[in-house]
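Following: one structure in C-alpha cells, then a few remarks.
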Amino acid sequence: MSINLTIYASDVRGLEDEIERSFDISNYYGTALFCPMTDRLIPREQYEYAIEPHTYLAVLMDMQQQINELKEQING
C-alpha cells in the first residue's frame, strides 16, 4: 500500500509569514497581555481572561512576575 502526496506551490506560499504570526502570542491573546509601559507580560491575575495555570503562556507570565518581584527586591 502506498500513499501519494501532492503539494502545490499555493499550499506553501506565505507559509513563513503564517508561521511567524503563529509565534506572536498577541495575535491570539491580544495586546492586553503586555504592560504598555514595559512591553513585558503582565501578571496572570491581571489579565482579563483566565489562563490555564499549566500552559506555556502561564509559565511565562509567572516567570515574568518573579523577575519583576526580584528586581523590586534588588532595587529596594
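Here, each number is a calculation from the coordinates, and none is a lab measurement. Everything numeric here is computed off the predicted structure, so don't read it as measured data. Please note: Cβ atoms are built from the backbone with ideal geometry, for glycine as well, and neighbour counts cover all protein chains shown.
Among the residues of segment 52-69, how many are among the polar types (S, T, N, Q) and under 15 Å from residue 33 (Cα atoms)? Adding up the residues that qualify gives 3. Looking at the structure I just gave you, is residue 13 free of Cβ contacts under 8 Å to residues at least 24 places away in the same chain and within 13 Å of the chain's Cα centre (by Cα)? No: the conditions fail for residue 13. For residues that are aliphatic (A, V, I, L, M) and out of contact with any strand residue (DSSP E or B) (no Cβ under 9 Å at 6 or more places or on another chain), scanning just segment 26-54, find the one that is surrounded by the most Cβ atoms within 10 Å (Cβ to Cβ). Among those that are aliphatic (A, V, I, L, M) and out of contact with any strand residue (DSSP E or B) (no Cβ under 9 Å at 6 or more places or on another chain), it is 51.
Look at residue 51 and say whether it is under 16 Å from the mean Cα position of the chain (by Cα) and among the β-branched types (Val, Ile, Thr).
Numbers: under 16 Å from the mean Cα position of the chain (by Cα): yes; among the β-branched types (Val, Ile, Thr): yes.
Yes: the conditions hold for residue 51.
Sort out which residues of segment 50-76 are β-branched (Val, Ile, Thr), within 25 Å of residue 24 (Cα to Cα) and out of contact with any Phe, Trp or Tyr (no Cβ under 9 Å at 6 or more places or on another chain), and write them in order of number.
In the first step, residues of segment 50-76 are kept if they are β-branched (Val, Ile, Thr); the result is 51, 55, 59, 67, 74.
Within this subset, residues satisfying the condition of being within 25 Å of residue 24 (Cα to Cα) are 51, 55, 59, 67.
Result: 55, 59, 67.
Considering only segment 55-75, I want to know if a residue exists there that is part of a loop (DSSP other than H, G, I, E, B), exposed (fewer than 10 other Cβ atoms within 10 Å of the Cβ) and at negative phi. Steps first, answer last, please.
Keep residues of segment 55-75 that are part of a loop (DSSP other than H, G, I, E, B), which gives 55.
Applying the additional criterion that residues be exposed (fewer than 10 other Cβ atoms within 10 Å of the Cβ) yields none.
Checked segment 55-75: no residue is part of a loop (DSSP other than H, G, I, E, B), exposed (fewer than 10 other Cβ atoms within 10 Å of the Cβ) and at negative phi.
Scan segment 29-37 and tell me whether some residue there is small (Gly, Ala, Ser) and in contact with a helix residue (DSSP H, G or I) (Cβ under 8 Å, 6 or more places away or on another chain). Show your work before the answer.
Within segment 29-37, the first condition is being small (Gly, Ala, Ser), and the residues that meet it are 30, 32.
Those still in the list that are in contact with a helix residue (DSSP H, G or I) (Cβ under 8 Å, 6 or more places away or on another chain) too: none.
No: segment 29-37 contains no residue that is small (Gly, Ala, Ser) and in contact with a helix residue (DSSP H, G or I) (Cβ under 8 Å, 6 or more places away or on another chain).
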